[in-house]
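See structure below.
The values are calculated or read from the model by the stated rules, or taken from the named source; none is laboratory data. None of the values given here were measured: they were computed from a predicted structure. Neighbour counts are summed over all protein chains in view; Cβ atoms, including those assigned to glycine, are modelled from backbone coordinates with ideal geometry.
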Number of protein chains: 2
Amino acid sequence: MERERVWLLDSTMRDGAQGKNISFSVEDKVEILRALDRQGIPYIEAGNPSSGPKDLLFFERARQVPLEHSKLVAFGATCRKFLAPQEDRGIAALCEAGTPAVCIFGKSWDLHVKDVLKTTLEENLRMIGETVAYLKGQGKEVLYDAEHFFDGYRQNPRYAMETVRAARDAGADWVVLCDTNGATLPSDVRRATQQVCRELGCPVGIHCHNDIGCAVAASLAAVEGGARMVQGTYVGFGERCGNANLSTVLPTLQLKMGHPCVEKEQMARLTKTARIISDVANLTLPDSMPYVGGGAFSHKAGMHVDAVHKNSRTFEHISPDLVGNKRHILISEVGGKAVLYHSIRKVDPTMPPDAPEISEVLEDVKARELRGYQYESAEASLQVLILKHLGMHRPHFKLELYRIFSEQEAGVFSTSSAICKVRVGDQYELTADEGRGPVNALDNAVRKAVTRFYPAIARVRLTDYKVRVVEQSANSASRVRVLIESTDGENVWTTVGVSHDIIRASLRAQVDSLEYKLLRDDGIL
Amino acid sequence: MERERVWLLDSTMRDGAQGKNISFSVEDKVEILRALDRQGIPYIEAGNPSSGPKDLLFFERARQVPLEHSKLVAFGATCRKFLAPQEDRGIAALCEAGTPAVCIFGKSWDLHVKDVLKTTLEENLRMIGETVAYLKGQGKEVLYDAEHFFDGYRQNPRYAMETVRAARDAGADWVVLCDTNGATLPSDVRRATQQVCRELGCPVGIHCHNDIGCAVAASLAAVEGGARMVQGTYVGFGERCGNANLSTVLPTLQLKMGHPCVEKEQMARLTKTARIISDVANLTLPDSMPYVGGGAFSHKAGMHVDAVHKNSRTFEHISPDLVGNKRHILISEVGGKAVLYHSIRKVDPTMPPDAPEISEVLEDVKARELRGYQYESAEASLQVLILKHLGMHRPHFKLELYRIFSEQEAGVFSTSSAICKVRVGDQYELTADEGRGPVNALDNAVRKAVTRFYPAIARVRLTDYKVRVVEQSANSASRVRVLIESTDGENVWTTVGVSHDIIRASLRAQVDSLEYKLLRDDGIL
C-alpha cells in the first residue's frame, strides 16, 4: 500500500529553540544541520534572520555546508501593517539569508488581527498576499504558516479561510495550518484540514503543538485529511509542551500509514539522529520516547526471551532495527553484539564474530552503562576499552597521585592549583599547575607531566567539555558524566568518564583522551 | 454542551509499576491511593494479588484507608487453561484482596492464544466466560481487559469479537479494549471501538500504550467512538513508552470535549496530584507535560509574552488556574522588558511600568545572559537579583573564605574536604565538612555553617543539580552554568550560578538558594 509522499520540515533550530533550557551556538546548529541532512529531512527551518545578528551569521555559515538531501528555510513574519514588503526590514533580512525557501507566518485568527496586530481584517489579508507575492517574485519557494489557524477556523471560519486563500492566490507553494496553542482535538484537525484541502486545491501542511498531548496524533490526522507536509521538531523540543515530535511522526507515517518520507537507510538512522540532537542540546533523550528512546523496545524480566526471537511480533510493533534502535532484554546474549562487533573489528579486523572476547566486552559495556557511561558518542573511550579486553593495551602512563587546592578569600579571585605525579616505566614526573577551577588546574598539570614523556601531547587540546548529572534523584553528590572532545589539529575524538566526583570523572575522560592519541600515534588504533 | 460521564481507572500502581526505575513500597502506594482519591479518580487499580505477598499485604493495608471518591480494583488474569475458576489460585488471590471491583485480562488475539497460551480458541473463550461469571457470582464488579484487542481485531476480527462477546455474555460490567503493543492509529481505535459499542451494547472502556506517541489521542478517539471508561496512569508511567497519561486525558475530556469526569475543585488539584505521584516515584515531572508540567504555561518569545499580557486567550488554550498550574514568563534574550516587568511586579506590586529600575535590571540581566546566566528556569535567582537592584536585599550571611582539598593516591578512593568561614553581623562561624567531590564537600560545609545562624536552613535540601558548559569553544576552563533546585518540603525553587570555576558557579547558586529561603521566611519574597 504505497501512498503519496509526505514532506517533513524540521524546526528544531527555530521553534525548538523557543523551548525551555534550549540555546544553540552557531556550531551547534551546523552539527544539527548535518545530522538532519543525513536523516533525509527535506526542509530544515534554521532560524529567523530578523531576530538578530546570531541567526544571520548562522545563515552565512550554513551556506558553506553542502547539503545532500535537505534545503534550508529561513523563517519570518509577513510585512508589517501599512508597509509594502519591499520597505520592510524583516522581509529584507529574510531574503538576505539566501535560502532557497522561506517560511512566513501570518494571522488567521481574527482575534489576533484585532487584539495583537491592532489592524483591520482587510489590511491583514493585504499583508499576507503582498508578502507571498513579493517573495515569489524574489525566486523563493514560499511556505505560508497560517498561525492559530484552527482557533480562527473555530471562531470565524470564513475569515480563516480567506487568509489561506489570500496566500494561495498570491502563489504560496505550501499553505501550512498551524495549531499554535496546541489544543485542537485530532478529529477537529482532520475535518478542518479536509475542508481546506478541498477548497484550496494546493499543497497543504500541518504544524502542531503539544499542549493537550496530541501533537503527533493531530499531525497524522491532518495527513489523513489530505495534508502532505508535516512541520515539527526532531525530538519534540518547543515552547511550553513542545512541537510535534518528528522522530515519532516520521516512522508512523512511513511504516504504519504507508506514506514514504525517507529512504530505508535513512530510517535506520532515526535513533542516532535523535541522540545527536539531544547531545548537542545537552538534554537527556527520554527513555520512553517512541521509536528512539532507550526503553522503547525494552522487555521486562520474566518474558520469554525465546519467544521474542521466535515471534517478536507478539511483543513488538516493529523490529527495532528498522529505526536503528535496539531491543533491550535483561541478560541478553544478542542485544548490541552486532554493533559492538563492528567496533571490535575496527580494532582487530581478524576477530571472528563468535569470539568469546566479544561477549566479555559486551558484559563490561553493559555494566558500565548501568553506572552512567555512554559510549554512543564516545567512540574513542570504547576503543580504548576494547583494547584493554583484547590484552592489546599497555598504558603509556600512570597517574600516581593528585592533590588539588581551591580557595577563595573575602570574595576576591578564587584560585585552584594541582599537584600530580605521573609514572612512565620507572621514571616519575611530579609537577604542578594552576587553572580556573579545580578541574582545569588538574587537567593542566596532568597534560604538563605527560608532555615531558610524550611531546606529541603538547598538540592535543580540548575542544568541548560537557557535564551531565546522570542520577536525577540525588543531590550535589550525584553521579556525573563528563564528555571531552579533543583534537590534535588533524583528528577529533570524544571520551567519557563517570564518577560521583566531577574531578575523577573528568580525569577518566582525560586519561582516555591522551591514551587514544598515543595509541593512534603508535599505529595501534 | 454536557455529554455523558467518562469513568477513569488509574493503574499507576499496577501497569505503571512495570515502568523503568519504578518501584513502590506499601506506604508509597497508600500515599498515591490517597492522592488519587482526593483527585476523584473513580477506579484505582492497585496491584496484582497473585504476583506475591507485597501486593496482598498492600490490599490488607488499603482496606483501612477510607476512600471518599474512589473504589479499589485488584488485577489478575482469567483462570488457566483446563482449570475451573474456583480451582485457580490466581482467582482465589483476586477474591482475597477484598476489593469491590476486579479487573481481569484475557486474550483477544488468536496469535497469542496459539503461541503464548498454547491452547485452542474455544478453550480461551471458556476461560474468559467462566472467570467473569464466577467473579460476578462472588459479588464483584467485573472489568474485563481484552489484551491485544486491536491487533487481534486487525488480523482476526471475528475471533476478537467473540472474546469480548464471551465476557459480556458472562456479565462483565465493563469490556475494556486494550492496545497492548501501543501502535494502533487513533482513527483505527475509533472505528473498532464504534463497532464494538454497537455490537455489545454494554459499557466499553479503552486502555492504550504509547509506542507511537498516540496513547492520549487514541483514548480520546475511543471516547469519540463510544467508550465510557479510560484506563491509564496518572503521569504516564508504564512499560516501554508508557501508558495513556490520565493527567492529560482528564482535562481534555472534561474541558475540551464536555464529558464530565471530576468535580471542579478536583480539577484544580490536577497539577498537585501529578507532583505528589512523581515525588513518591522519585522521578522528575517533565516540564513539558501537558497541563501539569512546570513549562506547560510558560512563555519565552517576547512577542508571545506581549500578546499574553494583552489577552491571555491569544496564546493560552485554558487558564492555568483551572488545573492548579501557574503561568511562567521566561526571561530570555528575546523576552525583553515586558517579561521582566512581570517579575518585578511580583517583588514590588507598586512599581510603575516606566520606572528607571526596570531598565537597570534589564541591562544587568542582559549582561549576565551574555556571560552564560539563564534566568528563565531560575526565577528565585532573578527575584534575589531584583531585590538587590531595588535596594531591598540585605544579605543574611557572607561567605568569608573557603578552602577545598581534593586528593587521590595510587588509584584508591579520592577524598574531598572543605573549610569555610561564614559571617553574620560580627559573628563568625568557621567549620568544615567532607563530601563526594569538591562541590559536594563545600556545599555541605556552607550549609552546616549557615544552619548555626538560621536553623530553618536545616530543612532545605537539594532536589536537582545540573551543570552545563556554556562556552562550547573553550577547554576545561569553559564557563559553566549550574542550576540548583531546592526544597524545604513546602516550596520548590531554582537558582543559577555561572563561573569559569564549577565550585564558584555552584556556590553562587547555593548562596542564592539559601538567601531566597531566608527572604521568603522573612516575608520579603
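Filtering the range B:359-383 to residues that are surrounded by fewer than 21 Cβ atoms within 10 Å (Cβ to Cβ) and not in a loop (DSSP other than H, G, I, E, B) leaves B:SER359, B:GLU360, B:LEU362, B:GLU363, B:ASP364, B:LYS366, B:ALA367, B:ARG368, B:GLU369, B:LEU370, B:GLU379. Counting residues in the range A:210-219 that are modelled with pLDDT of 95 or more, more than 30 Å from the chain's Cα centre (by Cα), facing chain B (nearest Cβ under 10 Å) and assigned to a helix (DSSP H, G or I) gives zero. Of all the residues in the range B:286-305, those that are more than 7 Å from chain A (Cβ to nearest Cβ) and modelled with pLDDT under 85 number 6. B:ARG38 falls short on exactly one of the conditions (1) over 26 Å from the mean Cα position of the chain (by Cα); (2) in a helix (DSSP H, G or I); (3) modelled with pLDDT of 95 or more, and that condition is (1). Residues considered: A:GLY171, A:GLY225. Of these, the only one that is assigned by TED's automatic domain parsing to the domain that holds A:SER11, at positive phi and of a type outside the set (Ser, Thr, Tyr) is A:GLY171. Which one is surrounded by the fewest Cβ atoms within 10 Å (Cβ to Cβ), of the residues in the range B:150-171 that are more than 22 Å from B:CYS208 (Cβ to Cβ) and touching a Gly at 6+ places or on another chain (Cβ under 7 Å)? Among those that are more than 22 Å from B:CYS208 (Cβ to Cβ) and touching a Gly at 6+ places or on another chain (Cβ under 7 Å), it is B:ASP169.
Residues considered: A:VAL6, A:VAL26, A:VAL65. Of these, the only one that is modelled with pLDDT under 95 and farther than 20 Å from A:ASP279 by Cα is A:VAL65. Please determine, by comparing only the residues of the range B:455-466 that are touching a residue at least 60 places away in the same chain (Cβ under 8 Å) and part of a helix (DSSP H, G or I), which one is farthest from the other protein chains (Cβ to nearest Cβ). The extreme case among them is B:ALA456. For the residues A:ASP501, A:ASP521, A:ASP488, the requirement of being closer than 29 Å to B:PHE413 by Cβ and of a type in the set (Asp, Glu) singles out A:ASP501.
Each residue in the range A:67-86 was checked for being part of a loop (DSSP other than H, G, I, E, B) and small (Gly, Ala, Ser), and 2 of them qualify. Looking only at the range B:32-90, count every residue that is polar (S, T, N, Q), under 24 Å from B:ALA146 (Cβ atoms) and crowded, with 19+ Cβ neighbours inside 10 Å and tell me the total. Within the range B:32-90, residues that are polar (S, T, N, Q), under 24 Å from B:ALA146 (Cβ atoms) and crowded, with 19+ Cβ neighbours inside 10 Å number 4. Name the single residue that is nearest to A:VAL6 (Cα to Cα) among those in the range A:43-57 being modelled with pLDDT of 90 or more and of a type outside the set (Gly, Ala, Ser). Ranking the qualifying residues of the range A:43-57, first place goes to A:TYR43.
For the residues B:SER499, B:SER506, B:SER486, B:SER416, the requirement of being among the small types (Gly, Ala, Ser), crowded, with 20+ Cβ neighbours inside 10 Å, modelled with pLDDT of 85 or more and under 23 Å from B:MET392 (Cβ atoms) singles out B:SER486. Taking the range B:386-395 as the range and being touching a helix residue (DSSP H, G or I) at 6+ places or on another chain (Cβ under 7 Å) and surrounded by fewer than 17 Cβ atoms within 10 Å (Cβ to Cβ) as the test, the residues that pass are B:LEU390, B:PRO395. Candidates B:VAL492, B:VAL450: the one that is farther than 30 Å from A:ARG447 by Cα and surrounded by fewer than 21 Cβ atoms within 10 Å (Cβ to Cβ) is B:VAL492. Filtering the range A:41-56 to residues that are in contact with a Phe, Trp or Tyr (Cβ under 7 Å, 6 or more places away or on another chain) and outside any helix (DSSP H, G or I) leaves A:PRO42, A:TYR43, A:GLU45, A:ALA46, A:GLY47, A:ASN48.
A Cβ distance below 6 Å, combined with a sequence gap of six or more or placement on separate chains, defines the contacts here; from the range A:121-145, residues that are farther than 14 Å from A:ILE91 by Cβ reach residues that are assigned to a helix (DSSP H, G or I) and β-branched (Val, Ile, Thr) in the pairs A:LEU121/A:VAL113; A:ASN124/A:VAL113. If you go through the range A:309-338 and keep only what is exposed (fewer than 15 other Cβ atoms within 10 Å of the Cβ) and either closer than 21 Å to A:LEU382 by Cβ or modelled with pLDDT under 60 (or both), you end up with A:HIS309, A:LYS310, A:ASP321, A:LEU330, A:ILE331, A:GLU333, A:VAL334, A:ALA338. Within the set B:LEU121, B:LEU94, the sole residue that is more than 27 Å from the chain's Cα centre (by Cα) and crowded, with 19+ Cβ neighbours inside 10 Å turns out to be B:LEU94. For beta carbons closer than 7 Å, sequence separation of 6+ or different chains, a first residue in the range B:366-382 that is within 12 Å of B:ARG508 (Cβ to Cβ) and a second that is of a type in the set (Ser, Thr, Tyr) and assigned to a loop (DSSP other than H, G, I, E, B), the qualifying pairs are B:SER381/B:TYR375. Among the residues of the range A:15-27, none qualifies, meaning not one is farther than 27 Å from B:LEU483 by Cβ and either within 14 Å of another protein chain (Cβ to nearest Cβ) or touching a Phe, Trp or Tyr at 6+ places or on another chain (Cβ under 7 Å) (or both). So which residues in the range B:362-377 are within 25 Å of B:GLY294 (Cα to Cα) and either at pLDDT 80 or above or in the same structural domain as B:TYR465 (by TED's automatic domain parsing) (or both)? Answer for the range B:362-377, where residues must be within 25 Å of B:GLY294 (Cα to Cα) and either at pLDDT 80 or above or in the same structural domain as B:TYR465 (by TED's automatic domain parsing) (or both): B:LEU362, B:VAL365, B:ARG368, B:TYR373, B:TYR375. Count, please, the residues in the range A:255-289 that happen to be under 12 Å from A:TYR234 (Cα atoms) and either part of a loop (DSSP other than H, G, I, E, B) or touching a Cys at 6+ places or on another chain (Cβ under 9 Å) (or both). Of the residues in the range A:255-289, 2 are under 12 Å from A:TYR234 (Cα atoms) and either part of a loop (DSSP other than H, G, I, E, B) or touching a Cys at 6+ places or on another chain (Cβ under 9 Å) (or both). Of the strands (runs of 3 or more DSSP E) that lie entirely inside the range A:392-454, those containing 1 or more residues that are of a type in the set (A, V, I, L, M) and in contact (Cβ under 8 Å) with a residue 40 or more places away in the chain span A:398-409. Comparison of A:GLU130, A:GLU147 shows that the only residue that is buried (at least 18 other Cβ atoms within 10 Å of the Cβ), under 22 Å from B:GLU316 (Cα atoms), assigned by TED's automatic domain parsing to the domain that holds A:THR193 and modelled with pLDDT of 95 or more is A:GLU147.
With respect to the stated conditions, A:GLY205 is surrounded by 24 or more Cβ atoms within 10 Å (Cβ to Cβ) and part of a strand (DSSP E or B). For A:LYS398, state whether it is closer than 30 Å to A:ASN282 by Cβ and either surrounded by 14 or more Cβ atoms within 10 Å (Cβ to Cβ) or among the charged types (D, E, K, R) (or both). Considered against the rule, which asks whether it is closer than 30 Å to A:ASN282 by Cβ and either surrounded by 14 or more Cβ atoms within 10 Å (Cβ to Cβ) or among the charged types (D, E, K, R) (or both), A:LYS398 comes out as no.
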